[in-house]
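Sharing a structure below in structure tokens format, with a few things to ask.
The values are calculated or read from the model by the stated rules, or taken from the named source; none is laboratory data. On a predicted model such as this, the values are computed, not experimentally measured, just so you know. Positions of Cβ are generated from backbone atoms using ideal geometry, with glycine treated the same way; all protein chains shown enter the neighbour counts. Surface areas here come from the heavy atoms of the whole protein model, side chains and all, with no ligands, DNA or RNA. Shrake-Rupley method; radii C 1.70, N 1.55, O 1.52, S 1.80 Å.
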Amino acid sequence: MSTGERVPQQRIEVGILGATGMVGQQFICQLAGHPWFKPAWLAASERSEGKAYEDAAAWHLDTPPSEEVRRMKVNACTPGKGPRLIFSALDASVAKDLEPAFAAAGHIVISNTRTARMDPAVPLVIPEINPDHLALIPRQRRERGWSGAIVTNPNCSTVVLAMALGPLRQFGLRSVMVTTMQAVSGAGYPGVPSLDILGNVIPSISGEEEKIESETQKILGSYAENAVTAHPVVVSAQTTRVPVINGHTESVAVALDSKPSPQEVIEALRTFSGKPQALGLPSAPAAPIDVSAAPDRPQPRLDAGKGGGMTVTVGRVRPCPLFGTKFIAMGHNTIRGAAGAAVLNAELMLADGWVD
Ligand SMILES: NC(=O)c1ccc[n+]([C@@H]2O[C@H](COP(=O)([O-])OP(=O)(O)OC[C@H]3O[C@@H](n4cnc5c(N)ncnc54)[C@H](OP(=O)(O)O)[C@@H]3O)[C@@H](O)[C@H]2O)c1
């Protein structure tokens, strides 16, 4: 299978809502030189409206934006303005009303925000795990009367867990205990005060545990007849914020019905590949999951950038006396956990004919 005739002849213009924030900046990076998409319209709050992008965005990434992007004017988030395909990195408080308004105005909104993820008519997609859930789009259009659509990607810690659990569904997922060690970039900018986080661990991230527990069940669930049935796996999550810049690390213990050996689990993870790899989508990493044999990996500083930030690294796969299997998983929170995930969703939608 390949993307074949659906590869666009020229780059499609796209817009970014919340273009000035942490995730918005990562969108600018992911789309720089992208073969299919070209950022043509940037929008943010009234604090940024009318300013040149370089004046509105406090840039935090290693690679600076292009001269063209630096000079682009930041617009107001006005539905109906901007291209048909829109990436959203809006603050959740405003996304709740703005994203549906954009979908109603005919935009296809690929969203990073939590507000629509658990809506039964909205696909919550990791292209390697549940690409078939995009089939919810016609239901959404029928029920809401939208000519556009909303498609979401998961919370940044959910995506790391769901990527690692997806290949283990064949063994019968029963229950999961996960503790996260989440990077500060996950809290946006300015995020957590330095006096709180330096030399410290904060054992609470508001709303995060509930998101991991419910989103994982939806992503791993099955699609049939215009609905997703949640996977029955029971997930118990504890979340912590740690003084790491990028990369969420997760300590995972999982009970699997068929009780596979650690070697069988490693084999399932190592050989895992999905639709993005089969289609050769531009942002698809060659290996969606890299299994490390080293006793001290994954580490966010060494492994978060693997596969352009799109590969999840799993290490220390071993027996667990309580659950059966345990391991450490780690992924880049603003790339695989946000902007890169949304761009991969858009590529899949284009390849599958959801974007005209
Ligand atoms: N950071 C991560 O790792 C991560 C991962 C997954 C999902 N997310 C989600 O992605 C979204 C963005 O996160 P972030 O970390 O990039 O946050 P952020 O750095 O705080 O950026 C928020 C963006 O929203 C814009 N905004 C705020 N209020 C607005 C308003 N009233 N009208 C229009 N635009 C408004 C801001 O524009 P101004 O600059 O003009 O204020 C900024 O562009 C959030 O929903 C977050 O939960 C984040």
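Over region 38-161, what is the relative contact order in whole percent, taking alpha-carbon pairs under 8 Å and six or more residues apart?
Working: 200 pairs, mean separation 26.9, N = 124.
Over region 38-161, the number comes to 22 percent.
Roughly what % of Cα-Cα distances in region 195-257 sit above 15 Å, to the whole percent? Provide the component values of the computation, followed by the final result.
Working: 1242 of 1953 pairs.
Result for the distance tail: 64 percent.
Across region 106-114, in residue order, what do the Karplus-derived ³J(HN,Hα) couplings come to in whole Hz, using 6.51 cos²θ - 1.76 cosθ + 1.60 with θ = phi - 60° and x for Gly and Pro?
x, 7, 8, 9, 9, 10, 9, 8, 6
Using the Kirkwood radius over C-alpha pairs as Rh, can you work out the diffusion coefficient of region 19-99 via Stokes-Einstein at 25 °C, viscosity 0.890 mPa s, in µm² per second? Intermediate results must be reported in sequence, preceding the final value.
Working: Rh = 12.9 Å.
Using the Kirkwood radius from Cα pairs, D works out to 190 µm²/s.
Using only Cα atoms, what is the ratio of the radius of gyration of region 4-44 to 2.2 N^0.38 Å?
1.24
Could you check how much of the accessible area of the chain is carbon and sulfur, as a whole percent, using a 1.4 Å probe?
Details: 7570 of 14700 Å².
Answer for the chain is 51 percent, counting heavy atoms of protein chains only.
Leaving out ligands and nucleic acids, note down the accessible area per residue over the chain with a 1.4 angstrom probe, in whole Å². Write down the numbers at each step before the final one.
Numbers: 14700 Å² over 356 residues.
Accessible area per residue: 41 Å².
Let's test the formula: R0 of 30 Å, r as the Cβ-Cβ distance of D119 and D91. What FRET efficiency results, to the nearest 0.05?
Values: r = 18 Å, r/R0 = 0.61.
The value I calculate is 0.95.
Label region 92-162 by shape, choosing from rounded, prolate and oblate, from the square roots a ≥ b ≥ c of the eigenvalues of the Cα gyration tensor; if a/c is under 1.5 it is rounded, and otherwise prolate applies when a/b is larger than b/c, oblate when it is not. Intermediate values should be presented prior to the final figure.
Details: a/c = 2.36, a/b = 1.34, b/c = 1.77.
Judged from the Cα gyration tensor, region 92-162 comes out oblate (a/c at least 1.5, b/c at or above a/b).
In addition: Distances longer than 26 Å among the Cα atoms of the chain: what percent of all pairs is that? Before the final figure, lay out each step's value.
Working: 29509 of 63190 pairs.
Distances greater than 26 Å cover 47 percent of the Cα pairs.
One quarter of the convex hull surface, Cα atoms only: what value does that give for region 204-356 in nm²?
Details: hull surface 42.7 nm².
Hull-based average projected area comes out at 10.7 nm².
Here is a follow-up. Radius of gyration and Dmax for region 238-290's Cα atoms, expressed in Å?
According to the Cα coordinates of region 238-290, Rg and Dmax are 15.1, 38 Å.
Where nothing but the Cβ of Lys and Arg (+1) and of Asp and Glu (-1) is charged, how large is the charge dipole of region 1-141 around its Cα centre, in debye to the nearest 20? Kindly include the intermediate steps, with their values, before the conclusion.
Numbers: 15 positive and 15 negative charges, 60 e Å.
About 280 debye.
Turning to a different aspect of this structure: Using θ = phi - 60° and the Karplus form 6.51 cos²θ - 1.76 cosθ + 1.60, what ³J(HN,Hα) does each residue of region 51-61 get, whole Hz, x for Gly and Pro?
7, 5, 4, 5, 8, 7, 9, 7, 5, 10, 9
Nearest 5 percent is fine: what portion of the DSSP beta bridges confined to region 164-258 is antiparallel? Write out the running numbers ahead of the final one.
Working: 12 of 20 bridges.
So the antiparallel bridges in region 164-258 amount to around 60 percent.
Report the charge-dipole magnitude of the chain in Debye, nearest 20, computed about the Cα centre from +1 at each Lys and Arg Cβ and -1 at each Asp and Glu Cβ. Before the final figure, lay out the partial values.
On the way: 32 positive and 33 negative charges, 35 e Å.
That gives a dipole near 160 debye.
Pairs of Cα atoms under 8 Å, at least six residues apart: use those to get the relative contact order of region 125-169, whole percent.
Working: 23 pairs, mean separation 20.7, N = 45.
Relative contact order here is 46 percent.
Tell me which lysines have Cα within less than 30 Å of K38's Cα, excluding those fewer than 8 residues away on the same chain?
Cα-Cα hits under 30 Å: K51, K73, K81, K96, K275, K306.
When you count, for each residue, the other Cβ atoms within 10 Å and take the mean per peptide, how do 162-168, 225-231 rank with the highest first? Please list the in-between numbers first.
Working: 162-168: 24.9, 225-231: 14.9.
Averaged packing, sorted descending, gives the order 162-168, 225-231.
Hey, can you rank 9-17, 201-209, 178-186 by average C-beta count inside 10 Å, highest first? Numbers along the way, then the final one.
Numbers: 9-17: 18.3, 201-209: 13.6, 178-186: 23.4.
The most tightly packed comes first, giving 178-186, 9-17, 201-209.
I've got another one for you. Helix-only estimate, please: 222 nm mean residue ellipticity of the chain, summing -39500 (n - 2.57) across DSSP H runs of length 4 or more and dividing by its residues, to the nearest 500. List each step's numbers first, then the result.
Numbers: 12 runs with 96 residues, N = 356.
Rounded to the nearest 500, it is -7000 deg cm²/dmol.
Nearest 20 debye, what's the magnitude of the dipole of region 249-343 about its Cα centre given +1 on Lys and Arg Cβ and -1 on Asp and Glu Cβ? Can you show the working numbers first?
Working: 10 positive and 7 negative charges, 20 e Å.
That gives a dipole near 100 debye.
A follow-up question, please. Just to be sure I understand the curve: with the Debye formula and one point per C-alpha of region 166-274, what is log10 I(q)/I(0) at q = 0.09, 0.13, 0.15 Å⁻¹?
After summing over all Cα pairs, the log10 values are -0.31, -0.62, -0.78.
Considering only DSSP beta bridges where both residues belong to the chain, give the percentage that are antiparallel (nearest 5).
Once the DSSP bridges in the chain are tallied, antiparallel ones form about 45 percent.
D257 accessible area, nearest 10 Å², 1.4 Å probe?
We get 90 Å² for D257.
So between S194 and D132, what do we pick up on full extension, going 0.36 nm a residue minus the alpha carbon distance?
Extra length available between S194 and D132 comes to 18.1 nm.
When 1/r is averaged over all different Cα pairs and the result inverted, which Kirkwood radius in Å belongs to region 137-210? Please list the in-between numbers first.
On the way: mean 1/r = 0.0627 Å⁻¹.
Computed over region 137-210, the radius equals 15.9 Å.
Right, here's the next one. Express the Stokes-Einstein translational diffusion coefficient of region 58-207 in µm² s⁻¹, to the nearest whole number, given a Kirkwood radius over alpha-carbon pairs, 4 °C and a viscosity of 1.567 mPa s. Walk me through the numbers before you get to the answer.
Numbers: Rh = 18.0 Å.
The diffusion coefficient I find is 72 µm²/s.
Also, I was wondering about something else. Please list R297, R241, R144 in order of solvent-accessible area, largest first, computed with a 1.4 Å probe with all protein chains present. All intermediate terms of the calculation are to be shown ahead of the outcome.
On the way: R297 70, R241 20, R144 90 Å².
In descending accessible area the options line up as R144, R297, R241.
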